[in-house]
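**Q** Sending over a structure as structure tokens; questions will come in a sec.
The values are calculated or read from the model by the stated rules, or taken from the named source; none is laboratory data. Note that the structure is a prediction, hence the values are computed from the model and not measured. Neighbour counts are summed over all protein chains in view; Cβ atoms, including those assigned to glycine, are modelled from backbone coordinates with ideal geometry. Protein only, heavy atoms only, side chains kept; ligands, DNA and RNA dropped before computing areas. Shrake-Rupley method; radii C 1.70, N 1.55, O 1.52, S 1.80 Å.
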Amino acid sequence: MPLALLALAVVAFGIGTTEFATMGLLPQIADGIDVSVPHAGNLVSAYALGVVVGAPVLTGIGARIPHKRLLLLLSGLFVVGNAASALAPNFGTLFAARFLAGLPHGALFGVGAVVASRLVAPDRAARAVSKMFLGLTVANIVGVPASTALGQHLGWRSAYWAVAVIGGVALAALALFVPHQPRGGQTGIRHELRAMGNRQVVIGLATAVVGFGGFFAVYSYLVPMLTNVTGISDSSTTLVLALYGVGMTLGTLVAGPLTDRALRPTLYAGLALLAAALVTFYFAVHSTVPALITIICIGALGSLITTPVQMLLMSKAEAAPTMAAASNHSAFNLANAGGAWLGGLSISAGWGWASPNLVGAALAVAGLGLAFAGGFMDRGTRRSQVVASSGAEHSTQTDQVTTTK
């Protein structure tokens with residue numbers, strides 16, 4: 001089972017690397033395909049658009065495909081998308097390739113989370129899912145800086161080739177180590193869509209968009225904040241971003257056990273503490289040491305939210321958790337776009353480089369309100385269903401586990 005979880009973590013590592021590597025290589029890409037840097041920035045949006053579209057569409061198309069086979073197909077598409085990015089001769093082709101590379105992102109995480117939860121006992125499901133997410137956080141510490149350095153020294157295409165190789169390694173690991181998990185009797189796109197109609201699923205996705213938007217309102221402008229307000233040099237920002245990744249890793253490590261013990265309280269505490277940390281950063285950003293400490297805390301608290309939201313959606317979608325789990329990553333990308341937009345508005349309004357922290361805190365509080373609303377609606381329910389462990393010889397089943405309100 002550890003090897004299966006490791007294979008899923010390698011998938012997450014590749015996804016995390018390709019998602020953010022483009023941001024660090026925009027000048028090199030712009031020079032290579034003869035466009036301006038702002039125009040090249042649309043490639044980031046192309047990937048995000050692929051995630052938003054691909055998560056529900058590919059999950060729906062693959063609703064009757066056994067999970068392991070679907071993981072292999074999605075990983076193959078991930079490799080093709082990144083190889084196409086490396087080979088793209090012009091901006092239009094590269095834009096299409098980045099969209100293609102983003103398509104399997106949400107579905108891979110969604111199907112992977114369901115598979116991970118079924119590899120262990122129900123009371124350890126969140127810990128298994130958080131171990132998969134560790135690959136994403138480690139990508140921010142190792143994968144993104146390494147791919148950026150590779151692209152700067154050997155050309156931007158080499159970074160995408162490296163990600164394609166990582167995808168190939170992940171594909172082989174999935175084939176070798178992930179056990180077969182047959183679909184249950186009730187499968188298909190209609191079954192998945194019916195589960196998505198659950199109002200708790202809708203509120204959970206809204207919580208992810210709004211609450212996590214607070215995280216991205218700050219993350220999107222972290223580098224200019226550090227250089228213009230804190231006074232950190234451009235050459236040091238990569239190390240600071242790695243610190244952010246360290247915080248995210250720490251948050252992911254504690255999120256699993258806490259979510260298994262008390263799902264909703266972990267979500268409430270994560271959003272409340274994130275809002276407090278962002279307000280603190282608004283004042284701490286003027287001094288180097290307090291700023292660095294707060295950055296680690298923000299990274300940790302952002303990751304602390306991810307696992308309980310994922311498990312909440314899988315729980316409330318009951319016997320059809322795959323599309324809900326995948327759509328969570330569409331929600332995160334909408335949070336990325338919305339948070340960055342609102343943070344940019346505050347800077348454009350003349351409120352200062354540190355102002356996105358206050359915007360982010362307000363979004364985190366709004367997300368907390370949505371989470372509380374979902375908890376209030378759930379008060380009469382003593383028990384929630386989660387998808388339980390499923391062996392190759394058994395059909396999919398659900399187990400009752402007590403959730404803490």
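**Q** In segment 191-292, which helices (runs of 4 or more DSSP H) lie fully inside it and hold 1 or more residues that are open to solvent by 60 Å² or more (accessible area, probe 1.4 Å) and closer than 20 Å to Gly16 by Cβ? Give the derivation first.
**A** Values: elements: 199-219, 222-225, 237-261, 263-284.
Output list reads 237-261.
**Q** Something else about it: Return a yes/no flag: does segment 341-350 have any residue that is open to solvent by less than 10 Å² (accessible area, probe 1.4 Å) and more than 15 Å from Ala113 (Cβ to Cβ).
**A** Going through segment 341-350, the residues open to solvent by less than 10 Å² (accessible area, probe 1.4 Å) turn out to be 343, 346.
Still in the list and also more than 15 Å from Ala113 (Cβ to Cβ): 343, 346.
Scanning segment 341-350, I find at least one residue that is open to solvent by less than 10 Å² (accessible area, probe 1.4 Å) and more than 15 Å from Ala113 (Cβ to Cβ), so the answer is yes.
**Q** Then there is this: Of everything in segment 348-367 that's closer than 13 Å to Tyr282 by Cα and not in a loop (DSSP other than H, G, I, E, B), which residue is modelled with the lowest pLDDT? Steps first, answer last, please.
**A** Of all residues in segment 348-367, those closer than 13 Å to Tyr282 by Cα come to 351-362.
Now drop any that are not not in a loop (DSSP other than H, G, I, E, B), which leaves 356-362.
Working: Pro356: 91, Asn357: 95, Leu358: 96, Val359: 94, Gly360: 94, Ala361: 96, Ala362: 96.
It comes out as Pro356.
**Q** Also: Hey, can you tell me all the residues within segment 128-159 that are open to solvent by 40 Å² or more (accessible area, probe 1.4 Å), more than 20 Å from the chain's Cα centre (by Cα) and modelled with pLDDT of 85 or more?
**A** Scanning segment 128-159 gives Leu150, His153, Leu154, Arg157.
**Q** Yes or no: segment 121-141 includes at least one residue that is polar (S, T, N, Q) and closer than 15 Å to Ala21 by Cβ.
**A** Looking only at segment 121-141, we keep the residues that are polar (S, T, N, Q), and these are 130, 137, 140.
Going one step further and asking which of them are closer than 15 Å to Ala21 by Cβ, we end up with 140.
Yes, because at least one residue in segment 121-141 is polar (S, T, N, Q) and closer than 15 Å to Ala21 by Cβ.
**Q** Quick one: would you say Leu25 is in contact (Cβ under 8 Å) with a residue 60 or more places away in the chain and either surrounded by fewer than 17 Cβ atoms within 10 Å (Cβ to Cβ) or farther than 22 Å from Val142 by Cβ (or both)?
**A** On the way: in contact (Cβ under 8 Å) with a residue 60 or more places away in the chain: yes; either surrounded by fewer than 17 Cβ atoms within 10 Å (Cβ to Cβ) or farther than 22 Å from Val142 by Cβ (or both): no.
Judged against the criteria, Leu25 is not a match.
**Q** Given the conditions (1) modelled with pLDDT of 90 or more; (2) under 17 Å from the mean Cα position of the chain (by Cα); (3) under 28 Å from Gly247 (Cβ atoms), report the number of the one that Leu103 does not fulfil.
**A** (3)
**Q** In the set Leu100, Leu58, Leu119, Leu73, which member is open to solvent by 40 Å² or more (accessible area, probe 1.4 Å) and under 19 Å from Thr322 (Cα atoms)? Give the derivation first.
**A** Details: Leu100 fails: under 19 Å from Thr322 (Cα atoms); Leu58 fails: open to solvent by 40 Å² or more (accessible area, probe 1.4 Å); Leu119 fails: open to solvent by 40 Å² or more (accessible area, probe 1.4 Å).
None of the others qualify; the one that does is Leu73.
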